[in-house]
1. Of these, 208, 194, 247, 224, which one is free of Cβ contacts under 8 Å to residues at least 40 places away in the same chain and polar (S, T, N, Q)?
2. Could you check, for segment 138-146, whether at least one of its residues is touching a residue at least 24 places away in the same chain (Cβ under 8 Å), polar (S, T, N, Q) and farther than 27 Å from residue 202 by Cβ?
3. Quick one: residue 117 ticks every box in (1) without any contact (Cβ under 8 Å) to a residue 12 or more places away in the chain; (2) in contact with a helix residue (DSSP H, G or I) (Cβ under 6 Å, 6 or more places away or on another chain); (3) surrounded by 17 or more Cβ atoms within 10 Å (Cβ to Cβ) bar one, so which box is it?
4. Has segment 188-199 got any residue that is out of contact with any helix residue (DSSP H, G or I) (no Cβ under 7 Å at 6 or more places or on another chain), under 23 Å from residue 101 (Cα atoms) and modelled with pLDDT of 95 or more?
5. Given the conditions (1) part of a helix (DSSP H, G or I); (2) at positive phi, which single one is not true for residue 121?
6. Could we say that residue 146 is of a type outside the set (D, E, K, R) and either surrounded by fewer than 21 Cβ atoms within 10 Å (Cβ to Cβ) or over 13 Å from the mean Cα position of the chain (by Cα) (or both) here?
7. Can you confirm whether residue 176 is in the same structural domain as residue 115 (by TED's automatic domain parsing) and more than 12 Å from residue 92 (Cα to Cα)?
8. Here are some conditions: (1) assigned to a strand (DSSP E or B); (2) out of contact with any Phe, Trp or Tyr (no Cβ under 6 Å at 6 or more places or on another chain); (3) surrounded by 17 or more Cβ atoms within 10 Å (Cβ to Cβ). Residue 218 meets all but one. Which one does it not meet?
Amino acid sequence: MGKLSVSSGPGIYRNRILDIIRDIFERCIDAAAFSAFVFIALIGVYALIDAQKVDASAKLDDEVAAIANNISAKPEHSFDELGEINSDIVAWLRIDGTLIDFPVVWYDKDNIKYLTRNYRGEYATAGAAFIDYRNDGVKDNYTVIYGHRMSGDKMFSSVGKYSDRDFFNTHETGVFYTPDQTYDLELILAARPNVSETQIYNMRLYRNASYDQLISLFGSDITNSRDTEVSPNDKLLLLSTCDKDANHYRNVILLKMIPREESE
């Protein structure tokens, strides 16, 4: 009967230990890979849910959508209803042929509040369309309205399309409802200003400026324009949103506000 080698005992133990360590290591690798897979999957699910929330925050709820259906016929009554929802709602903006068709708010303390709040004043990634706080609501000759540039043509995304000549030529009108007056909108120009250089947002100086004073501010920033008849004291509306390619640029359109006769 053969004898067991003395040196073979420790070798066997060493091999077994190495096998155990290798097995533990492989299990850890598998666990880490599975954890990474689960983590990536959770990120994907969260991103999908978040995108759905952003999409939902840019849509009108049923109550406000019902008001929108009646605002052209009964604007005064509609604004009574909107005021009960949020007293900061001061207008309704509608641009023909686009998804711009929603309430406009005004908060006279800053331009921050409605960057992340909807027309109800509730938290919403899409924010709301809001008038510059340095305007006097909708009373000035020159009113600036800001809105986020969102995917899927939501909020003010369509404003960025006015640099395209075909889009500019086929989306020239809209309506601006206020509690006291309804205005038909007529497109004047589209521009892409550098926000750090332009004066078009200097509301302290220009909110009651004449058309001639304002038009000189756009200069070479104009991307498209049309022969719209504008008198020096016509009321003007500027819609502004972020540029998709550069943070320091904005996409804007300037519109003439034409008071609608009550009989229309």
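1. 247
2. no
3. (2)
4. Checked segment 188-199: at least one residue is out of contact with any helix residue (DSSP H, G or I) (no Cβ under 7 Å at 6 or more places or on another chain), under 23 Å from residue 101 (Cα atoms) and modelled with pLDDT of 95 or more.
5. Unmet for residue 121, out of (1) part of a helix (DSSP H, G or I); (2) at positive phi: (1).
6. Considered against the rule, which asks whether it is of a type outside the set (D, E, K, R) and either surrounded by fewer than 21 Cβ atoms within 10 Å (Cβ to Cβ) or over 13 Å from the mean Cα position of the chain (by Cα) (or both), residue 146 comes out as no.
7. No: the conditions fail for residue 176.
8. The single condition residue 218 does not satisfy is (1).
The values are calculated or read from the model by the stated rules, or taken from the named source; none is laboratory data. Fair warning: this is a prediction, and the values are worked out from it, not measured in the lab. Using ideal geometry, Cβ is built from the backbone for each residue, glycine included, and neighbour counts are taken over all protein chains shown.
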